[in-house]
Amino acid sequence: MEFTKMHGAGNDYVYVDARAMPEHDWGQLSQAISDRHFGVGSDGLILVMDSDVADLKMRMFNVDGSEGEMCGNGIRCFAKYAIERGIVPRSVGEVTIDTMAGVRTVVPRYDGSEINAARVSMGKPRFAPSDIPVNLDPAISLNRQTIINFRLFLTFVSMGNPHAVTFIDQPVEEFPLHNIGPLVERHPIFPKRVNFEVVNIRDDGNLDARVWERGSGETMACGTGACAIGVASRLLGHTGDRVAVHLPGGTLTIDWDGTDEVYLEGPAGRGF
Ligand SMILES: N[C@H](CCC[C@H](N)C(=O)O)C(=O)O
């Protein structure tokens, strides 16, 4: 099976062109291929598939084999993969990609003839408890926050996949993410589990963050997570319409005017 390794700000995936492949247990394959000792090593598996509603279709699987509705870092590399391999003509200015969260549009950025970044329309954020999903007493969820028994204030945002964002005063490096992350990810109020983001406000245009991803653990970056961070931060009045989210693997730029789609811009690189 041919594969290509690519990463967006260090959030790395194995890409397989599955357009002519028979159905597989892709979740099981993702578990095996993602293992950093006995497999290729990655944050998951991304499949290139045909679509009748967009140029192509993307399916993504986490390290634990669970399927994610959307992957903001992965989709930038997906567009790079599709154009550089001629699956989509280079002359196009954008690539439309169908995902479980809906059709997304990716505009590649070039460094000479090579694509090294992209801007993605990530859809509108959603906040209703049923959209996250999160099972909450409606009276609490009105302000999109709740306290769970680690004394965390969480803001819930769906980018097609579920996110819980918390803002802390200490440097994010000091937060016990590997202890608390799994407990939030699997907390009973999240029927589909949740991606968990920890944020420290550097200033009104810059946020420092770490992410515990549903199904993959701490990753170097998370595109949908960065969108959820930018949205929550603007909602809470910490930042404005544009913010740089600084993650261990790199910086992602988020644009959101408070009503329309969220836009994500960041690097798209080969895995070597
Ligand atoms: N773990 C996520 C999927 C990957 C998202 C992340 N890698 C991104 O760049 O958006 C989930 O299960 O919802």
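Observations on the structure shown:
- Carbon + sulfur, % of accessible area of the chain - ligands and nucleic acids excluded, 1.4 Å: 50
- Sequence-distant lysines (8 or more away, or on other chains) whose Cα lies within less than 25 Å of Lys192: Lys57, Lys124
- Segment 19-93, accessible area per residue, ligands and nucleic acids excluded (1.4 Å, Å²): 43
- For the chain, the calculated P(r), taken from all Cα-Cα distances in 5 Å bins from zero up to the bin holding the longest distance, is 1, 6, 14, 18, 20, 17, 12, 7, 3, 1, 0 percent.
- From its DSSP helices (H runs of at least four residues, each -39,500 (n - 2.57)), the chain gives a residue-normalised ellipticity at 222 nm of -5000 deg cm²/dmol.
- Segment 52-73-segment 74-123 distance, computed between alpha-carbon centres (Å): 14
- Packing, taken as the mean count of other beta carbons within 10 Å per residue, orders the peptides 158-167, 82-91, 126-135, 113-122 from highest to lowest as 158-167, 113-122, 126-135, 82-91.
- Averaging 1/r across all pairs of distinct Cα atoms in segment 159-234 and inverting the result yields a Kirkwood radius of 12.4 Å.
The values are calculated or read from the model by the stated rules, or taken from the named source; none is laboratory data. All values reported here derive from a predicted model rather than from experimental measurement. Using ideal geometry, Cβ is built from the backbone for each residue, glycine included, and neighbour counts are taken over all protein chains shown. SASA here: full protein model, heavy atoms, side chains in, ligands and nucleic acids out. Shrake-Rupley method; radii C 1.70, N 1.55, O 1.52, S 1.80 Å.
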